[in-house]
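Visitor: Mind looking over this structure? Questions follow.
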Amino acid sequence: MTTANAGRVELDYAGSERLTMNMGPQHPSAHGVFRAILTLEGETVVGIDAVIGYLHRCHEKLAETLTYAQYPSIASKTDYVAAMTSEFAYVRAAETIGTIEVPKRAEYLRVIAAELQRVASHLLWLGTWCLDMGGALGGGATIFLYCIRERELILDLFESLVGARLLYGFYQVGGVRYDLPAGWADQCRTTVDLIEQRIGEYERMLEDNPFFMVRTQGVGVISRELAQELGIGGPLLRGSGVHHDLRRADGYSSYRDFEFAVPVETSGDCFARYRVRMVEFRQALRIVRQALDRLPDGPISSRPGLKSVAQVRIPKGEAYARIEGARGEVGCYLISDGSAKPYRMKWRGASFSNLAVLPHIIPGHKVADVVAIMGSVDPVFGEVDR
Amino acid sequence: MPEWVTPLVAPFILLNAVIGLVTYVTLLERKFAARMQSRIGPYRVGPHGLLQPIADAIKLMMKEDVVPTAADRPVYNLAPVVFLIPCMLIFATIPFAPGLGVADLNIGVLFFLAVSAMEIVGLFMAGWGSNNKYALLSAMRAVNQVISYDLPFIFAALTPVLLAGSLRMSDIAAAQQGLWFIFYPVIGQLAFIAFIVATVASENRAPFDILEAESELVAGFRVEYSGMKFAIIQLGEYAHVIGASFLGALLFLGAWAGPGPEWAGPIWFLIKAMLVFLLITWVRWSFVRIRVDQILALSWKALMPATLVLLIATAVVVVWRGHAGV
């Protein structure tokens, strides 16, 4: 046609009234760098093509070049929202190969850190999920800022424990790196009480809100069969009626010492996943309290007085260690050739497996539900792409 | 002063007053929202952030004006103005005190409602002209939503009109000198609630802001706008909300009625309008957004029948009592 139309991009209807729309990788609710290529019929999504890999940083190759003492602080960067969990999985894999004993006090400290991390991670999930549904210029932002306020308290605790707020390097092969500073336990108890009280406030704020309920109930249903077939984990699996929690199933570290409930919801929708996480908040805080009360004295590492990072040597062998992260099963497969560095390392990211559910549940929903469902899956793209 | 001067000067003064008000209402909203979210809000520019709106305006003016190459240029460029004009025109019939207004038409409320519904043209032009898929979806939603909610909005606004027995805004205000219509038994409160819900929805404010819906549509119909064009759209949107707040204060809260001398009337009116605005803001920062199909269902299945029944009931009451007024 004429010059007026020269630079015009035609919307690709392809004759069937379908519209292809890109969501991400740069998008307000991409949760990092997720790209969803949606096929729309009006407002209804009929197809979704999920594209990942924008945040790939060669973590597994990197692990081969770092010693067992160095890598835990880098492992933090796989799942940066719950940095403690990936460190935990890595050191447990190394300890399994080397059959290294961990002192009781170190195990308790590990559990405290892991559970506080779970609370921090769930807080960020709740905030961003509501932000997805409520908008940055609406009620979502309000609950987001409340959640961030509480998450800061936990980050303060981590900062006084480790010295860092996001990526810690707290776990070490054979134990933990730091003991509790003076007054930390009391500060932690105060924080735990405060957060527990505030969780109740959020529950009331959300569940008494009919708009929140209609946005979450019956949306994005994952059936029990689908959940098991895809190997999803964590709150998604428990929200679909499967009673599976590695803390209970494996009882790794010192989890057998503590009492806690494993919440299970059967409806499998966004609201079920929300309920599971809300109960997990309280159970995690309950574990922290128990661990603080029964914290034994003793060394914090079975390999004290290390002078050089190369001193941690693991005998030849291979092992898979898994822990229950905030998003599901975080696994680390480690092959050691007897040197100071692993021969090969493989991550099993919980978000990666959970993300596989999206193409199964999103088609048929409206565009607005896409962000609600994606938020309820709680993906962290550092962990998806590694 | 010759008689022909007033129609020229009055709109000029009013438009500038509205623009000034809009700039500072954004600050009010930001401070209010910040307090709700346990933040402080703008604080750095001027004492207590009082110069923040001016800094924002200057910033927006200095921004580059980006026009997408694929945009439909005439439509794209015209849309902000087409959007702004109805948003400003709605102030024309509002009297701010007895005799203080641009045009106290005998069909004042009708004019307000009719002009206010015209904003959809600008919205749709912006969404269509941007040639952006997010903007297109947003324009589709805009047409759906604004049409669905203008009817309940009109029905709710007509309830006080029936009670006052006049479409002239000054008559409605005068009819409330004894009892504000919000205190009219049952009908007043129900109509006010319906009015607030319909206002929030037809002004595209959260939780009904599916046009903007930045979590899925990024910024909806204005995603491609920048600089002054964006500022004009924002200005229009806020002017519309404030216009609706003034209408709410006039229809339900007795307009300029209040204690104190007569010259305090406009101040009372402003305070009441700001209270209505803060009510809308409070709703905005408390709820999560609802989905497009749920919004339409709420309008057609609940709000529409409810306001219609309310309107008929009001008519029956007025006929039964044999006279309008309180």
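Each value in this text was obtained by applying a stated rule to the coordinates, not by laboratory testing. As the structure is a computational prediction, the values presented were derived from the model and not from experiment. All Cβ positions, glycine included, derive from the backbone under ideal geometry; neighbour counts span all protein chains shown.
Visitor: When each pair of different Cα atoms in the range B:56-157 is counted once in the 1/r mean, what is the Kirkwood radius in angstroms, to one decimal? Present the calculation step by step, with values, prior to reporting the outcome.
Guide: Details: mean 1/r = 0.0643 Å⁻¹.
This gives a value of 15.5 Å.
Visitor: Oh, and also: On a straight-distance basis, which lysines could pair with residue B:63 in a cross-link, Cα separation under 18 angstrom, same-chain partners fewer than 8 positions away excluded?
Guide: The reachable lysines, counting only those whose Cα sits under 18 Å from residue B:63, are B:229.
Visitor: Taking 0.36 nm per residue of separation and subtracting the Cα-Cα distance, what length does fully extending residue B:73 through residue B:59 add? Present the calculation step by step, with values, prior to reporting the outcome.
Guide: On the way: separation 14, 0.36 × 14 = 5.04 nm, distance 2.40 nm.
Roughly 2.6 nm would be gained on extension.
Visitor: I've got another one for you. Taking each residue of A:364-371 in turn, how many C-beta atoms of other protein chains fall within 10 Å of its C-beta, and what is the average? Numbers along the way, then the final one.
Guide: On the way: counts 0, 1, 5, 9, 13, 3, 2, 4.
Across the residues of A:364-371, the mean count of other-chain Cβ atoms within 10 Å is 5.
Visitor: Among the aspartates and glutamates, which fall within straight-line cross-link reach of residue B:31, defined as a Cα-Cα distance under 18 Å, with same-chain neighbours fewer than 8 residues apart omitted?
Guide: Excluding near neighbours in sequence, the set is B:56.
Visitor: Further question on the same structure: Sort out for me the Cα centre separation of the range A:313-374 from the range B:278-316, rounded to whole Å.
Guide: 45
Visitor: Would you mind classifying the range B:1-77 by shape? Square roots of the alpha carbon gyration tensor eigenvalues, ordered a ≥ b ≥ c; an a/c under 1.5 is rounded, otherwise it is prolate if a/b is larger than b/c and oblate if not. Each step should come with its number before you reach the end.
Guide: Working: a/c = 2.57, a/b = 1.17, b/c = 2.21.
Note, shape of the range B:1-77 comes out oblate.
Visitor: To continue, here is another question. Distances over 29 Å make up what percent of all Cα-Cα pairs in the range B:67-321? Please list the in-between numbers first.
Guide: On the way: 9914 of 32385 pairs.
That fraction is 31 percent.
Visitor: Taking every DSSP beta bridge that has both residues in chain A, what percent is antiparallel when rounded to the nearest 5? Present the calculation step by step, with values, prior to reporting the outcome.
Guide: Working: 31 of 31 bridges.
Restricted to chain A, the bridges split so that about 100 percent are antiparallel.
Visitor: In degrees, nearest 10, range 0 to 90: what is the angle between the Cα axis of helix B:52-62 and the longest Cα principal axis of chain B?
Guide: On a 0 to 90 degree scale, this one is about 50.
Visitor: While we're here: Using DSSP to define loop residues, name the GluC sites (Glu not before Pro) in the range A:12-116 whose beta-carbon has at most 10 other beta-carbon atoms within 10 Å. Write out the running numbers ahead of the final one.
Guide: Numbers: sites: A:17, A:41, A:43, A:60, A:64, A:87, A:95, A:101, A:107, A:115; in loops: A:17, A:43, A:101.
Sparse-neighbourhood loop GluC sites (Glu not before Pro): A:17.
Visitor: OK, next. What does the C-alpha gyration tensor say about the overall shape of the range B:146-266? Classify as rounded when a/c is under 1.5, otherwise prolate if a/b is larger than b/c, or oblate.
Guide: Numbers: a/c = 3.00, a/b = 1.83, b/c = 1.64.
Verdict is prolate for the range B:146-266.
Visitor: Let me ask another. Which one of B:284, B:73, B:141 has the biggest mean-square fluctuation once chain B is modelled by GNM with Cα springs under 10 Å?
Guide: Looking only at B:284, B:73, B:141, the biggest GNM fluctuation is shown by B:73.
Visitor: If you average the alpha carbon positions of the range A:114-161 and of the range B:77-136, how far apart do those two centres end up, in angstrom?
Guide: 40
Visitor: Could you list the square roots of 5 times each eigenvalue of the Cα gyration tensor of the range B:91-211, that is, the equivalent ellipsoid semi-axes, sorted largest first and rounded to whole Å? It would help to have the intermediate numbers written out before the result.
Guide: Working: eigenvalues 196, 59, 19 Å².
Sorted largest first and rounded, they come to 31, 17, 10 Å.
Visitor: Averaging over every viewing direction, what projected area does the convex hull of the Cα atoms of the range A:19-385 cover, in nm²? It would help to have the intermediate numbers written out before the result.
Guide: On the way: hull surface 68.5 nm².
Averaging across all directions leaves 17.1 nm² for the Cα convex hull.
Visitor: While we're looking at this one, here's another question. May I ask for the distance between the Cα centers of the range A:194-209 and the range A:38-81, given as a whole number of Å?
Guide: 31
Visitor: The range A:258-347: which GluC sites (Glu not before Pro) are DSSP loop and have at most 14 other beta-carbon atoms within 10 angstrom? Intermediate results must be reported in sequence, preceding the final value.
Guide: Working: sites: A:259, A:265, A:280, A:318, A:324, A:329; in loops: A:259, A:265.
Here the sparse-neighbourhood loop sites are A:259.
Visitor: Can you give me the distance in nm between label points at residue A:243 and residue B:300, each placed 7 Å from the Cα along the Cα-to-Cβ direction?
Guide: Placing both labels 7 Å beyond Cα along the Cβ direction yields 4.6 nm.
Visitor: Hey, what number do you get for chain A at 222 nm if only DSSP H runs of n ≥ 4 count, each worth -39500 (n - 2.57), divided across all residues, to the nearest 500? Walk me through the numbers on the way to the answer.
Guide: Details: 15 runs with 179 residues, N = 386.
The helix contribution divided over chain A gives -14500 deg cm²/dmol.
Visitor: Now for a different question. Counting pairs on different chains as well as pairs 8 or more places apart, how many Lys pairs in the range A:19-385 have Cα atoms under 21 Å apart?
Guide: Count of close lysine pairs: 9.
Visitor: Another question about this same structure. Given only helices, namely DSSP H runs of n ≥ 4 each adding -39500 (n - 2.57), what is the per-residue ellipticity at 222 nm of chain B, to the nearest 500 deg cm²/dmol?
Guide: Numbers: 13 runs with 209 residues, N = 326.
Helix contribution divided over all residues of chain B: -21500 deg cm²/dmol.
Visitor: Between residue A:64 and residue A:221, what's the calculated FRET efficiency when r is the beta-carbon distance and R0 is 35 Å? Round to 0.05. Please list the in-between numbers first.
Guide: On the way: r = 42 Å, r/R0 = 1.19.
After rounding, the FRET efficiency stands at 0.25.
Visitor: Highest GNM mean-square fluctuation, chain B, Cα pairs closer than 10 Å: which of B:229, B:301, B:31?
Guide: Largest GNM mean-square fluctuation: B:301.
Visitor: Relative to the present Cα-Cα distance, how much length would full extension add between residue A:313 and residue A:57 at 0.36 nm per residue of separation?
Guide: On the way: separation 256, 0.36 × 256 = 92.16 nm, distance 2.57 nm.
Answer, rounded to one decimal: 89.6 nm.
Visitor: Given a Förster distance of 41 Å, report the FRET efficiency between residue B:177 and residue A:152 from their Cβ-Cβ distance, rounded to the nearest 0.05. It would help to have the intermediate numbers written out before the result.
Guide: Values: r = 53 Å, r/R0 = 1.29.
With a Förster radius of 41 Å, E is 0.20.
Visitor: Let me know the Kirkwood hydrodynamic radius for the protein assembly as shown, please, with Cα pairs as the basis and the value in Å to one decimal. List each step's numbers first, then the result.
Guide: Details: mean 1/r = 0.0353 Å⁻¹.
Roughly 28.3 Å, rounded to one decimal.
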